[in-house]
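As structure tokens, the structure follows; a few thoughts come after it.
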Amino acid sequence: MIPPTLPGRLLRLRALARGALLWERVWPALWPPLAVLGIFLLAALAGIPSLLHPALHIALLAGFAGLFGVTLWHGFRRFALPDTAAADRRIERDSGLRHRPLSTLTDRPAGNDPTALALWDAHRRRAAAQLAATRTARPRPGLAA
């Protein structure tokens, strides 16, 4: 998590990056059920169900409902909300930031060696200066390649 001493601009960018990542994960899972719904609406507007025998009409409705449910389940069965680490990677990638300064600010060294802690503190200061000097780009939603 970004320390609260950093500008609110980075917190807003993180929220935008999470939103873009969420859209990129939701849309591919959502378009197949929407396609089934669209085909059903086209058939209903064309009057196809009213031309069928009542038993076939019910079978058609049940088939579309089942297909809609299956495509919805299939699209969202492995869905996961984007975490802050993924949002940080997105900001760093879109902004061209090198050496992952956001993760540097949120990481901690493993040990308690005073020399290592001093080096890590210097590294964190350089990362904070890089973030302050860099114009970070707004993450734009787009489907992953």
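The values are calculated or read from the model by the stated rules, or taken from the named source; none is laboratory data. Just so it is clear, the model here is predicted, and its values are computed rather than measured. Heads up, the Cβs are rebuilt from the backbone with ideal geometry, glycines too, and the neighbour counts pull from every protein chain shown. SASA here: full protein model, heavy atoms, side chains in, ligands and nucleic acids out. Shrake-Rupley method; radii C 1.70, N 1.55, O 1.52, S 1.80 Å.
Results for (1) touching a residue at least 24 places away in the same chain (Cβ under 8 Å); (2) of a type in the set (Ser, Thr, Tyr), shown as yes or no for each residue.
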{"position": "40", "(1), (2)": "yes, no"}
{"position": "62", "(1), (2)": "no, no"}
{"position": "71", "(1), (2)": "yes, yes"}
{"position": "75", "(1), (2)": "yes, no"}
{"position": "78", "(1), (2)": "no, no"}
{"position": "93", "(1), (2)": "no, no"}
{"position": "106", "(1), (2)": "yes, yes"}
{"position": "110", "(1), (2)": "no, no"}
Single condition residue 78 does not satisfy, out of (1) of a type outside the set (A, V, I, L, M, F, W, C); (2) assigned to a loop (DSSP other than H, G, I, E, B); (3) open to solvent by less than 60 Å² (accessible area, probe 1.4 Å): (3)
Flag for residue 113 being surrounded by 11 or more Cβ atoms within 10 Å (Cβ to Cβ) and either over 28 Å from residue 20 (Cβ atoms) or among the small types (Gly, Ala, Ser) (or both): yes
Selection count, region 47-75, where residues are among the hydroxyl-bearing types (Ser, Thr, Tyr) and open to solvent by 90 Å² or more (accessible area, probe 1.4 Å): 1
Residue match in region 87-102 (condition: open to solvent by 60 Å² or more (accessible area, probe 1.4 Å), assigned to a loop (DSSP other than H, G, I, E, B), more than 17 Å from residue 20 (Cα to Cα) and not basic (Lys, Arg)): yes
